[in-house]
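The values are calculated or read from the model by the stated rules, or taken from the named source; none is laboratory data. Please read all numbers here as calculations on a predicted model, not as lab measurements. Protein only, heavy atoms only, side chains kept; ligands, DNA and RNA dropped before computing areas. Shrake-Rupley method; radii C 1.70, N 1.55, O 1.52, S 1.80 Å.
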Amino acid sequence: MKGIVFTEFLEMVESSYGLQTVDYLIENNNLTSEGIYTSVGSYDFNEMVILINSLSEVTKIPAGDLIYTFGHYFFNSLKNAHPEVIKNYTSPLDLLYSIEDHIHVHVQKLYPDAELPTFKILEKTDTSISMIYCSSRGLYRLAHGLIEKTFEHFNGSAMITYELLKEDGTEVKFDVTQNG
(Lines give C-alpha, C1' and ligand atoms only; values in the text may rest on other atoms or scores of the structure.)
Protein backbone atom coordinates (compact mmCIF):
# COMPACT_ATOMS: atom_id res chain seq x y z
CA MET A 1 0.00 0.00 0.00
CA LYS A 2 1.28 3.46 -0.86
CA GLY A 3 2.81 5.49 1.93
CA ILE A 4 0.55 8.47 1.30
CA VAL A 5 -2.32 6.44 2.76
CA PHE A 6 -0.29 5.79 5.92
CA THR A 7 0.99 9.35 6.29
CA GLU A 8 -2.46 10.83 5.79
CA PHE A 9 -4.05 8.31 8.15
CA LEU A 10 -1.59 9.19 10.91
CA GLU A 11 -2.17 12.91 10.25
CA MET A 12 -5.91 12.32 10.65
CA VAL A 13 -5.27 10.43 13.90
CA GLU A 14 -3.11 13.27 15.20
CA SER A 15 -5.61 15.99 14.30
CA SER A 16 -8.56 14.05 15.74
CA TYR A 17 -7.04 12.20 18.71
CA GLY A 18 -3.70 13.86 19.40
CA LEU A 19 -0.04 13.09 18.96
CA GLN A 20 -0.10 10.84 22.04
CA THR A 21 -2.50 8.51 20.20
CA VAL A 22 -0.22 8.38 17.16
CA ASP A 23 2.72 7.57 19.43
CA TYR A 24 0.67 4.88 21.16
CA LEU A 25 -0.29 3.25 17.84
CA ILE A 26 3.31 3.18 16.65
CA GLU A 27 4.93 2.15 19.94
CA ASN A 28 2.42 -0.52 20.96
CA ASN A 29 2.17 -2.44 17.70
CA ASN A 30 4.73 -4.65 16.05
CA LEU A 31 5.08 -2.70 12.79
CA THR A 32 7.72 -3.91 10.36
CA SER A 33 8.25 -0.30 9.23
CA GLU A 34 8.45 0.81 12.88
CA GLY A 35 5.85 3.43 11.94
CA ILE A 36 8.24 5.31 9.69
CA TYR A 37 6.37 6.14 6.47
CA THR A 38 7.03 8.36 3.47
CA SER A 39 4.27 9.34 1.07
CA VAL A 40 6.06 7.77 -1.92
CA GLY A 41 7.09 4.55 -0.16
CA SER A 42 5.19 1.26 -0.24
CA TYR A 43 4.25 -0.65 2.89
CA ASP A 44 2.53 -3.85 3.90
CA PHE A 45 -1.25 -3.44 3.92
CA ASN A 46 -1.36 -5.49 7.13
CA GLU A 47 0.28 -2.57 8.93
CA MET A 48 -2.74 -0.42 8.03
CA VAL A 49 -5.05 -3.11 9.37
CA ILE A 50 -3.05 -3.18 12.60
CA LEU A 51 -3.18 0.63 12.93
CA ILE A 52 -6.92 0.81 12.25
CA ASN A 53 -7.74 -2.01 14.67
CA SER A 54 -5.52 -0.51 17.34
CA LEU A 55 -7.14 2.90 16.90
CA SER A 56 -10.53 1.22 17.15
CA GLU A 57 -9.53 -0.34 20.47
CA VAL A 58 -8.25 2.98 21.82
CA THR A 59 -11.21 5.09 20.69
CA LYS A 60 -13.94 2.43 21.04
CA ILE A 61 -15.09 3.39 17.52
CA PRO A 62 -15.75 0.49 15.11
CA ALA A 63 -12.97 0.03 12.55
CA GLY A 64 -15.40 0.45 9.65
CA ASP A 65 -16.50 3.84 10.97
CA LEU A 66 -12.87 4.94 11.30
CA ILE A 67 -12.17 3.87 7.71
CA TYR A 68 -15.24 5.79 6.52
CA THR A 69 -14.10 8.90 8.42
CA PHE A 70 -10.66 8.51 6.89
CA GLY A 71 -12.32 8.55 3.45
CA HIS A 72 -13.61 12.04 4.22
CA TYR A 73 -10.21 13.17 5.44
CA PHE A 74 -8.36 11.55 2.54
CA PHE A 75 -10.53 13.28 -0.08
CA ASN A 76 -9.41 16.67 1.24
CA SER A 77 -5.79 15.54 1.28
CA LEU A 78 -5.97 14.35 -2.32
CA LYS A 79 -7.85 17.47 -3.41
CA ASN A 80 -5.18 19.70 -1.88
CA ALA A 81 -2.25 17.64 -3.19
CA HIS A 82 -3.63 17.19 -6.72
CA PRO A 83 -6.15 19.97 -7.49
CA GLU A 84 -5.48 19.53 -11.21
CA VAL A 85 -7.31 16.20 -11.16
CA ILE A 86 -10.54 17.51 -9.65
CA LYS A 87 -10.66 20.84 -11.49
CA ASN A 88 -11.47 19.00 -14.74
CA TYR A 89 -14.94 18.15 -13.43
CA THR A 90 -18.04 20.26 -12.96
CA SER A 91 -20.19 17.68 -11.17
CA PRO A 92 -19.67 14.89 -8.65
CA LEU A 93 -21.30 12.29 -10.91
CA ASP A 94 -18.94 13.14 -13.76
CA LEU A 95 -15.98 12.77 -11.41
CA LEU A 96 -17.22 9.39 -10.15
CA TYR A 97 -17.88 8.24 -13.70
CA SER A 98 -14.26 9.04 -14.59
CA ILE A 99 -12.54 7.24 -11.71
CA GLU A 100 -11.26 4.35 -13.84
CA ASP A 101 -10.55 6.11 -17.12
CA HIS A 102 -9.04 9.34 -15.84
CA ILE A 103 -8.39 9.60 -12.12
CA HIS A 104 -6.82 6.17 -11.63
CA VAL A 105 -4.76 6.67 -14.82
CA HIS A 106 -3.40 9.87 -13.26
CA VAL A 107 -2.70 8.09 -9.96
CA GLN A 108 -0.86 5.27 -11.78
CA LYS A 109 1.41 7.87 -13.41
CA LEU A 110 2.26 9.31 -10.00
CA TYR A 111 2.50 5.93 -8.24
CA PRO A 112 3.22 3.23 -10.85
CA ASP A 113 3.16 0.38 -8.34
CA ALA A 114 -0.07 1.46 -6.61
CA GLU A 115 -2.68 -1.29 -6.26
CA LEU A 116 -5.90 0.58 -6.86
CA PRO A 117 -9.44 -0.68 -6.51
CA THR A 118 -11.51 -0.92 -9.66
CA PHE A 119 -14.89 0.68 -10.24
CA LYS A 120 -17.09 -0.85 -12.91
CA ILE A 121 -19.87 1.50 -13.94
CA LEU A 122 -23.17 -0.33 -14.32
CA GLU A 123 -25.38 2.64 -15.10
CA LYS A 124 -25.16 6.43 -15.11
CA THR A 125 -27.93 8.99 -15.50
CA ASP A 126 -28.00 12.75 -15.00
CA THR A 127 -28.78 12.22 -11.31
CA SER A 128 -27.42 8.80 -10.37
CA ILE A 129 -24.67 6.27 -10.83
CA SER A 130 -24.44 2.59 -10.02
CA MET A 131 -21.03 0.94 -9.83
CA ILE A 132 -19.19 -2.04 -8.46
CA TYR A 133 -16.14 -1.52 -6.27
CA CYS A 134 -13.59 -4.36 -6.34
CA SER A 135 -10.47 -4.56 -4.20
CA SER A 136 -8.67 -7.38 -2.46
CA ARG A 137 -8.34 -5.03 0.52
CA GLY A 138 -12.05 -4.59 1.11
CA LEU A 139 -11.82 -0.89 1.99
CA TYR A 140 -15.28 -0.11 0.64
CA ARG A 141 -15.98 2.12 3.65
CA LEU A 142 -13.03 4.29 2.54
CA ALA A 143 -14.61 4.47 -0.92
CA HIS A 144 -17.95 5.38 0.69
CA GLY A 145 -16.34 8.29 2.54
CA LEU A 146 -14.57 9.47 -0.62
CA ILE A 147 -17.82 9.31 -2.63
CA GLU A 148 -19.72 11.28 0.00
CA LYS A 149 -17.00 13.91 0.21
CA THR A 150 -17.01 14.22 -3.59
CA PHE A 151 -20.58 15.51 -3.40
CA GLU A 152 -19.71 17.90 -0.58
CA HIS A 153 -16.86 19.28 -2.69
CA PHE A 154 -19.40 20.22 -5.36
CA ASN A 155 -21.75 21.70 -2.71
CA GLY A 156 -24.17 18.84 -3.06
CA SER A 157 -25.24 15.69 -1.32
CA ALA A 158 -26.39 12.24 -2.31
CA MET A 159 -28.18 9.16 -1.09
CA ILE A 160 -25.46 6.52 -1.07
CA THR A 161 -26.32 2.89 -0.51
CA TYR A 162 -24.13 -0.14 -0.85
CA GLU A 163 -24.60 -3.87 -1.00
CA LEU A 164 -21.83 -6.31 -0.20
CA LEU A 165 -21.61 -8.70 -3.13
CA LYS A 166 -18.90 -10.59 -1.26
CA GLU A 167 -19.14 -10.83 2.50
CA ASP A 168 -15.52 -9.72 3.03
CA GLY A 169 -16.20 -6.39 1.31
CA THR A 170 -13.91 -7.07 -1.64
CA GLU A 171 -16.80 -6.60 -4.08
CA VAL A 172 -19.47 -4.02 -3.27
CA LYS A 173 -22.22 -2.43 -5.36
CA PHE A 174 -22.72 1.30 -4.77
CA ASP A 175 -25.90 3.07 -5.80
CA VAL A 176 -25.57 6.85 -5.66
CA THR A 177 -28.44 9.27 -6.26
CA GLN A 178 -27.77 12.98 -6.19
CA ASN A 179 -30.11 14.96 -3.91
CA GLY A 180 -32.06 17.93 -5.27
For this session: For the chain, just say rounded, prolate or oblate: build the C-alpha gyration tensor, square-root its eigenvalues into a ≥ b ≥ c, call rounded for a/c under 1.5, and beyond that prolate if a/b exceeds b/c, oblate if not.
Result: prolate
Problem set entry | Extension reserve of the Leu19-Phe45 stretch, reckoned as 0.36 nm per residue once the Cα distance is removed | 7.1 nm
Exercise. Accessible surface of Val49 in the full protein assembly, 1.4 angstrom probe, to the nearest 10 Å²?
Worked result: 50 Å²
For this session: Provide the per residue accessible area, probe 1.4 Å, for the chain, rounded to a whole number of square angstrom.
Result: 53 Å²
Exercise. Between the range 50-100 and the range 111-132, how many Å separate their Cα centres?
Worked result: 15 Å
For this session: Apply the Karplus parameterisation 6.51 cos²θ - 1.76 cosθ + 1.60, with θ equal to phi minus 60°, to every residue of the range 82-90 and state each ³J(HN,Hα) to the nearest whole Hz, in sequence, with x for glycine and proline.
Result: 9, x, 4, 6, 7, 5, 6, 10, 10
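Go through Tyr17, Tyr111 and list them by solvent-accessible area, largest first, probe radius 1.4 Å. Don't skip to the end; give the middle numbers.
Working: Tyr17 80, Tyr111 35 Å².
Accessible-area ranking of Tyr17, Tyr111, largest first: Tyr17, Tyr111.
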